[in-house]
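A short worksheet on the structure shown next.
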């Protein structure tokens, strides 16, 4: 048996003992939230109607494309950390290792991390069964299964192919043109996963078209398009083993080169600066130290959440850029959901601190919580500002009520996330239903 796979299973069993709720929460939380919000998201995503075959085919294909791209993006994001900077890399690097043995370990880590997103995407399709389209639900779920299975090895393959490209003289001139201000080797880590996403998007488009035709009585050859994600999964899996042999050890060298290049460019003072630090002066003097502490904690330890807020905000901007009158409502739904998600940063900030730390350093509770809520209020802005700007440029007038509703949502999520953090293990169970309630209330506020 694969010794690395056996060690992974042993680590999982130990983690289940230490954190018995972490696994079920990550697996069942997204589909339960999707199920609860179906009443409001169903008309937005599945409002194309079951009767007209042409309209159903077009609408169903569009929904499958969106859900498939969500799965591909989630797989690539998770694979970036799993393949490039896994926590066990410092342990494995000094040892003689058959790197191809890591193939099932890395793939299973990505699949396990994105399983909740896959189940949630299937749950979103369930209302089609209630309107006489159970075959469409089964076809869509089959396509999403193939996309979920393909995204994991595709993401790992893309990251390791980036390492191979960074060390290859063949691509040096192209990377020099693309790198901008980044170190040369980092350019490959930025651009090659984008190529992997384009490949995954092509498979999703082909599979979605085949699934839509098949669900509306199309030709039997439509099955060929439906099987494209599964073919991509097999191809990515077959390439991952040789790439691990070539690039696993080299990845450590490339990352060291990138880190060293940034260390040479950045001075000691530059490394002390954090995102939104300049806004601290807006707060009352007793809260400034607590706001700054939260900014530093989020930027240095949970930067993915800070950057991810702006990424989700761009999705809201895309939703609000359409010419139809319903675009501001879509932007509100997407951006309010993004604000609710980033509001959980308050929980992550508290969870990454030991429970005894506040008492040990004599941290005053109320100023600490008030400063954290104020910092969260600004950190969540990235999830809502792009949508407001898009609606303002595209539609004009509706931007002001949209901004008012979204800022109220941000305020509620920052307070709820801060208040739920000290609950520790019960924090997610307390925050999630309240955040969904805030989202429902926000989507009803815009006329």
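General remarks:
- Of the criteria (1) surrounded by fewer than 16 Cβ atoms within 10 Å (Cβ to Cβ); (2) in contact (Cβ under 8 Å) with a residue 40 or more places away in the chain; (3) under 20 Å from residue 398 (Cα atoms), which one residue 334 fails: (1)
- Of the residues in the stretch 187-196, none is in the same structural domain as residue 57 (by TED's automatic domain parsing), within 16 Å of residue 65 (Cα to Cα) and touching a residue at least 24 places away in the same chain (Cβ under 8 Å).
- Consider the stretch 71-110 and keep the residues that are assigned to a loop (DSSP other than H, G, I, E, B) and either more than 29 Å from residue 30 (Cα to Cα) or outside the structural domain of residue 159 (by TED's automatic domain parsing) (or both). The one that is nearest to the chain's Cα centre (by Cα) is 93.
For every residue, the table says whether it meets (1) over 23 Å from residue 444 (Cβ atoms); (2) modelled with pLDDT under 75; (3) touching a helix residue (DSSP H, G or I) at 6+ places or on another chain (Cβ under 6 Å).
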site	(1), (2), (3)
14	yes, no, no
18	yes, yes, no
21	yes, yes, no
35	no, no, yes
46	no, yes, yes
56	yes, no, no
59	yes, no, no
67	yes, no, yes
70	yes, no, no
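- Test: residue in the stretch 117-124 that is touching a residue at least 12 places away in the same chain (Cβ under 8 Å), under 30 Å from residue 248 (Cβ atoms) and not in a loop (DSSP other than H, G, I, E, B): yes
- Residue match in the stretch 396-405 (condition: touching a residue at least 24 places away in the same chain (Cβ under 8 Å), under 20 Å from residue 308 (Cα atoms), surrounded by 24 or more Cβ atoms within 10 Å (Cβ to Cβ) and in contact with a helix residue (DSSP H, G or I) (Cβ under 7 Å, 6 or more places away or on another chain)): no
- Yes/no for residue 287 being in contact with a helix residue (DSSP H, G or I) (Cβ under 6 Å, 6 or more places away or on another chain), modelled with pLDDT under 85, surrounded by 12 or more Cβ atoms within 10 Å (Cβ to Cβ) and in a helix (DSSP H, G or I): no
- For the stretch 128-138, the criterion of a residue being in contact with a helix residue (DSSP H, G or I) (Cβ under 6 Å, 6 or more places away or on another chain), free of Cβ contacts under 8 Å to residues at least 12 places away in the same chain and part of a helix (DSSP H, G or I) is satisfied by at least one position.
- Residue match in the stretch 215-225 (condition: within 24 Å of residue 85 (Cα to Cα) and assigned to a helix (DSSP H, G or I)): no
- Residue among 130, 201, 141, 174 that alone is surrounded by fewer than 20 Cβ atoms within 10 Å (Cβ to Cβ), under 30 Å from residue 35 (Cβ atoms), at pLDDT below 85 and assigned by TED's automatic domain parsing to the domain that holds residue 80: 130
- From 438, 428, residue being surrounded by fewer than 24 Cβ atoms within 10 Å (Cβ to Cβ), under 20 Å from residue 29 (Cβ atoms), at pLDDT below 85 and in the same structural domain as residue 314 (by TED's automatic domain parsing): 428
- Of all residues in the stretch 357-364, none are assigned to a helix (DSSP H, G or I) and touching a helix residue (DSSP H, G or I) at 6+ places or on another chain (Cβ under 6 Å).
- Unique match (being closer than 20 Å to residue 244 by Cβ, surrounded by fewer than 22 Cβ atoms within 10 Å (Cβ to Cβ) and free of Cβ contacts under 8 Å to residues at least 24 places away in the same chain) among 113, 100, 168: 168
- Members of the stretch 232-269 that are out of contact with any helix residue (DSSP H, G or I) (no Cβ under 8 Å at 6 or more places or on another chain) and modelled with pLDDT of 80 or more: 234, 235, 238
- Residue within the stretch 338-345 that is outside any helix (DSSP H, G or I), under 17 Å from residue 407 (Cα atoms) and under 26 Å from the mean Cα position of the chain (by Cα) present: yes
- If you go through the stretch 1-24 and pick out every residue that is more than 28 Å from residue 424 (Cα to Cα) and surrounded by fewer than 12 Cβ atoms within 10 Å (Cβ to Cβ), you end up with 3.
- Of the candidates 404, 412, the single residue that is in the same structural domain as residue 324 (by TED's automatic domain parsing), at pLDDT 85 or above and more than 24 Å from the chain's Cα centre (by Cα) is 404.
The values are calculated or read from the model by the stated rules, or taken from the named source; none is laboratory data. Note that the coordinates shown come from a computational prediction; the quantities given were computed from them, not determined experimentally. Here the Cβ is made from the backbone with ideal geometry for all residues, glycine too, and neighbour counts use every protein chain on show.
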